[in-house]
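A.B. asks: Structure provided below as structure tokens; questions to follow.
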Amino acid sequence: MRYKNILSLVLLFCASVIHAQNNNSGVQLKKADGFPQLLINGKPFLILGGELGNSSASNTGYLKPGWKYLQQMYLNTVLVPVYWELLEPEENKFDFTLIDGMIADARQHNMKIVFLWFGTWKNSMSCYAPLWMKKNAKRFPRTQDTSGRSQEIFSVFGKETLEADKKAFATLMRHTKEIDANEKTVIMVQVENEIGMLPTPREFSKTADSYFNAKLPTELISYLQKNKNNLVPELREKWEKQNFKTNDTWTTTFGEGVLTDEIFQAWYYAKYTNEVTLAGKKEYDLPMYVNAALPRPGKLPGQYPSAGPLPQVMDIWQAGAPALNMLSPDFYNPNTKYWCDLYVRNNNTLFVPEMQFDKTCAAKAFFIIGHYKAIGFSPFSIESENSAYIPLAKTYDIMQQLTPFIANKQWLNMDGFLLDKQNRSTTIKMGQYNLVVSHEATLSWSSEAKDSVWSTTGGIILQTAPDEFLIAGTGVVVTFENTDKNMVSNIAAVDEVSYENGKEIKGRRMNGDQDHQGRHIRFSVGDWGIQKVQLYNSPAKIDN
């Protein structure tokens, strides 16, 4: 009998190991030398993406003509909505027609997919939840505003709502694994979409108030105490003003006001999302993230979607939803650097899943990938033809050519830059050199240029050897200075280059007027390219 029990335990252990191995998707987010990398079967993958418009994936026929257009933009990944209302139109009856069709089309066009789960919440609202849920407010409770009026937003405290979302999301992930585990067309999943409370900073109901007036959960208290000296300043300052109290209510711990309301709501949003994420990962362990609608200046929680995965509550989300791999910003805000700086705190991996699709995207892709080592970039409504199409295609073409260098740990010596009329130049230190990067309109003969010349420009720089650089971009001028003031840095050679499957193809030798007689390298506004620069150094003073 004893041996039978031992044998049973061994078989159970083996079965659990096999399940864990089978559940491993082969797609991972890992840190290498302190920088994040998305790996597919162990190989680095950089997402050059585009997000479909909200309704474009609801009919495969609608998008059929658009796939070739996406290929022409050099995309390698499409962010595709999955609609709960169409996936589970009747309770426990699932329709995978759209899922299967999108995966098949992506494979046909040699693209990867990031699924966007439009589940309980989409842009704060519950508009993509199935009708059978919307019609049963008793079973699936809704939020109320301060006057007690019901809204089409499911309450985060609805237990059956959570269980229904977990079941549907787990079913989606199980099906994805069944049809795609080998091909790995689907490489990542967004859980919900732009979660946030409107028009109040938190939920108001008897249930919500009971949680709000209770003591902080011990799980959150433990996180705060453990990370006390590393919390984001916005949260730490609120806690410090209350003398770092623990074992008390939300108001006593963080003070009164809408900012505390937001912290409270963020915790329960994070806990809810973590449960959904865990249910999905149990079936198929792909990297998963949440996205945030960034607030506009001067707006308070509730005036913007409160309590989403925003910078000021980053710690709350990381404490409440550890199953998530990252928190991601959606950009409809021009202050790119400001927000990116906030989203790389707390060891958070940067991925931009959604950005307004305009002409500035082309330069911002260089900057966000080059400077922040982001794992990917994705403008919104990518299938809609507009004037931003050509600039983005040129940037993505270049980034595809440079991807082998970036994947080969070249990101250790990589940076990006973003320039406009307000930010005309920057200095980047690489090895023994300071690279002074300026907007092309700063050149003396361009000083009287019209405002149109001051369009947003940018690029990326990779140091490939001690005295060698690959510089790519548009509308920039780069000069080189030696950090040793006793030495002068000079351009030995500049070659126009391109890459095909990692193999270098040389174009023109960029001498004479093209490098201003050895003074700088240059890309005109409206021109894109890659230039390979070799430098040499000579003494600053020579005794004759």
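The values are calculated or read from the model by the stated rules, or taken from the named source; none is laboratory data. All values reported here derive from a predicted model rather than from experimental measurement. Reconstructed Cβ throughout: ideal geometry from the backbone, glycine too, with neighbour counts over all protein chains shown. Areas reflect the complete protein model, heavy atoms only, side chains present, ligands, DNA and RNA absent. Shrake-Rupley method; radii C 1.70, N 1.55, O 1.52, S 1.80 Å.
A.B. asks: Within the stretch 385-403, take every residue that is assigned to a loop (DSSP other than H, G, I, E, B) and farther than 15 Å from Thr457 by Cα and give me the one that is least open to solvent (accessible area, probe 1.4 Å).
C.D. replies: Of the residues in the stretch 385-403, the ones assigned to a loop (DSSP other than H, G, I, E, B) are 385-388.
Right, trim to farther than 15 Å from Thr457 by Cα and you get 385-387.
Numbers: Glu385: 151, Asn386: 59, Ser387: 79 Å².
Among those that are assigned to a loop (DSSP other than H, G, I, E, B) and farther than 15 Å from Thr457 by Cα, it is Asn386.
A.B. asks: I'd like to know if the stretch 473-484 contains one or more residues that are open to solvent by 70 Å² or more (accessible area, probe 1.4 Å) and closer than 30 Å to Ile368 by Cβ.
C.D. replies: yes
A.B. asks: Let me ask something additional. Which is touching a strand residue (DSSP E or B) at 6+ places or on another chain (Cβ under 6 Å) and surrounded by 22 or more Cβ atoms within 10 Å (Cβ to Cβ), of Thr253, Thr273?
C.D. replies: On the way: Thr253 fails: touching a strand residue (DSSP E or B) at 6+ places or on another chain (Cβ under 6 Å).
From the options Thr253, Thr273, the qualifying one is Thr273.
A.B. asks: Specify which of the listed residues (Ile368, Ile382) is open to solvent by less than 30 Å² (accessible area, probe 1.4 Å), under 22 Å from Val189 (Cα atoms), touching a residue at least 40 places away in the same chain (Cβ under 8 Å) and not in a loop (DSSP other than H, G, I, E, B).
C.D. replies: Ile368
A.B. asks: Which condition breaks for Asn213 when tested against (1) at negative phi; (2) open to solvent by less than 40 Å² (accessible area, probe 1.4 Å); (3) modelled with pLDDT of 95 or more?
C.D. replies: (2)
A.B. asks: Of everything in the stretch 167-211 that's among the acidic types (Asp, Glu) and in contact (Cβ under 8 Å) with a residue 12 or more places away in the chain, which residue is nearest to Val258 (Cα to Cα)?
C.D. replies: Only one residue fits best here, namely Glu203.
A.B. asks: Assuming Gln151 fulfils every condition listed in (1) crowded, with 18+ Cβ neighbours inside 10 Å; (2) without any contact (Cβ under 8 Å) to a residue 60 or more places away in the chain; (3) in a loop (DSSP other than H, G, I, E, B) apart from one, which condition is it?
C.D. replies: For Gln151, the failing item is (3).
A.B. asks: Which residue is surrounded by the fewest Cβ atoms within 10 Å (Cβ to Cβ), if the candidates are limited to the stretch 216-243 and must be polar (S, T, N, Q) and not in a helix (DSSP H, G or I)?
C.D. replies: Step by step, filter the stretch 216-243, then rank; the result is Asn243.
A.B. asks: Testing Thr246 on (1) in a helix (DSSP H, G or I); (2) among the hydroxyl-bearing types (Ser, Thr, Tyr); (3) in contact (Cβ under 8 Å) with a residue 24 or more places away in the chain, one condition comes back false. Which one is that?
C.D. replies: Just one mismatch for Thr246, condition (1).
A.B. asks: What number of residues within the stretch 113-147 are of a type in the set (Lys, Arg) and under 19 Å from Ser328 (Cα atoms)?
C.D. replies: Result for the stretch 113-147: 1.
A.B. asks: Confirm whether Leu131 is surrounded by 16 or more Cβ atoms within 10 Å (Cβ to Cβ) and either touching a Phe, Trp or Tyr at 6+ places or on another chain (Cβ under 6 Å) or at pLDDT 95 or above (or both).
C.D. replies: In short, no.
A.B. asks: Working only within the stretch 86-127, note down all residues that are touching a Ser or Thr at 6+ places or on another chain (Cβ under 7 Å) and over 20 Å from Ile179 (Cα atoms).
C.D. replies: Thr120, Ser126
A.B. asks: Let me ask another. Would you mind stating whether Arg296 is part of a helix (DSSP H, G or I), more than 29 Å from Ala164 (Cα to Cα) and either of a type outside the set (Val, Ile, Thr) or open to solvent by 10 Å² or more (accessible area, probe 1.4 Å) (or both)?
C.D. replies: no
A.B. asks: Out of the residues in the stretch 415-427 meeting the condition of being modelled with pLDDT of 95 or more and under 24 Å from the mean Cα position of the chain (by Cα), tell me which one is surrounded by the fewest Cβ atoms within 10 Å (Cβ to Cβ).
C.D. replies: Asp415
A.B. asks: Here is a further query. The conditions are (1) over 27 Å from the mean Cα position of the chain (by Cα); (2) within 21 Å of Tyr433 (Cβ to Cβ), and Val453 fails exactly one of them. Which is it?
C.D. replies: Going through (1) over 27 Å from the mean Cα position of the chain (by Cα); (2) within 21 Å of Tyr433 (Cβ to Cβ) one by one, Val453 breaks only (2).
Every residue, every condition in (1) surrounded by 18 or more Cβ atoms within 10 Å (Cβ to Cβ); (2) aliphatic (A, V, I, L, M); (3) touching a Cys at 6+ places or on another chain (Cβ under 8 Å), yes or no:
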| residue | (1), (2), (3) |
| --- | --- |
| Met314 | yes, yes, no |
| Gln318 | yes, no, no |
| Pro334 | no, no, no |
| Phe351 | yes, no, no |
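A.B. asks: Out of everything in the stretch 354-365 that is closer than 22 Å to Gln401 by Cα and assigned to a loop (DSSP other than H, G, I, E, B), what residue ends up being modelled with the highest pLDDT?
C.D. replies: Residue satisfying both the conditions and the ranking: Thr360.
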